[in-house]
Amino acid sequence: MIATDIEVVKAMFAAFAERDLEGVLAVADPDIELTAVTGEHAGRTDPYRGHEGMRQYFRDVASVWEELRLTPREFRAAGDLILVTGKVSARSRSRTVTGSTGWIWRVRDGKVTYVRVYPSAADAIAALEDDEPA
């Protein structure tokens, strides 16, 4: 079960890397909730919700970043959550972001139901240890 969930997360990363919205939606639960740093840069205060939220997230990525590259490196199951740590490289006209990042994921019945992006791998690890994710 855990390996399958990790494979679902890897599939979403792969689809996002190709900017394949349909590929992302194929593994996203209709009620998915995504909290992402890009949303903050786009002026959002609420998570992206549902498939329409994922479509908006793709639009925000395109409007905020000239380039956004995510490199997941380590995948670790922790109960019903998956911790992923890796690197981010992002560039816009006004900023460049590079460094560690982390994600906490929840997968149910082969679909991603929850994703939260953290500004660093350490932040994601601390959130997982503090039982912060919803």
Near pairs, Cβ below 8 angstrom, 6+ apart or cross-chain, from segment 116-127 (under 12 Å from Val84 (Cβ atoms)) to any residue that is among the polar types (S, T, N, Q) and in a helix (DSSP H, G or I): Val117/Thr38
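Checking the structure you have, find out if any residue of segment 119-131 is aliphatic (A, V, I, L, M), touching a Phe, Trp or Tyr at 6+ places or on another chain (Cβ under 6 Å), in a helix (DSSP H, G or I) and surrounded by 13 or more Cβ atoms within 10 Å (Cβ to Cβ).
Taking segment 119-131 first, the residues aliphatic (A, V, I, L, M) are 121-122, 124-128.
Then keep just the ones that are touching a Phe, Trp or Tyr at 6+ places or on another chain (Cβ under 6 Å); that gives 124.
Subset that is in a helix (DSSP H, G or I): 124.
With surrounded by 13 or more Cβ atoms within 10 Å (Cβ to Cβ) added as a condition, the list becomes 124.
Yes - at least one qualifying residue is present in segment 119-131.
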Restricting the search to segment 41-50, which residues are over 21 Å from Leu81 (Cα atoms) and not in a loop (DSSP other than H, G, I, E, B)? His41
Pick out the one residue from Val64, Val107 that is among the hydrophobic types (A, V, I, L, M, F, W, C), under 15 Å from Gly39 (Cα atoms) and out of contact with any strand residue (DSSP E or B) (no Cβ under 6 Å at 6 or more places or on another chain). Val64
Please name all residue pairs, on different chains or six or more residues apart, with Cβ atoms under 6 Å, provided the first residue is in segment 10-37 and is farther than 14 Å from Phe58 by Cα and the second residue is among the aliphatic types (A, V, I, L, M) and in a helix (DSSP H, G or I). Val27/Val8; Val27/Ala11; Val27/Met12
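Results for (1) in a helix (DSSP H, G or I); (2) among the hydroxyl-bearing types (Ser, Thr, Tyr); (3) touching a Gly at 6+ places or on another chain (Cβ under 7 Å); (4) surrounded by fewer than 17 Cβ atoms within 10 Å (Cβ to Cβ), shown as yes or no for each residue.
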residue: Glu7; (1), (2), (3), (4): yes, no, no, yes
residue: Phe13; (1), (2), (3), (4): yes, no, no, no
residue: Val24; (1), (2), (3), (4): yes, no, no, no
residue: Pro30; (1), (2), (3), (4): no, no, yes, yes
residue: Gly39; (1), (2), (3), (4): yes, no, no, no
residue: Phe75; (1), (2), (3), (4): no, no, no, no
residue: Ile82; (1), (2), (3), (4): no, no, no, no
residue: Ser94; (1), (2), (3), (4): no, yes, no, yes
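Read-outs throughout are calculated quantities, based only on the coordinates presented, and are distinct from any laboratory measurement. As the structure is a computational prediction, the values presented were derived from the model and not from experiment. In this analysis, Cβ positions are derived from the backbone assuming ideal geometry, glycine residues included, and neighbour counts consider all displayed protein chains.
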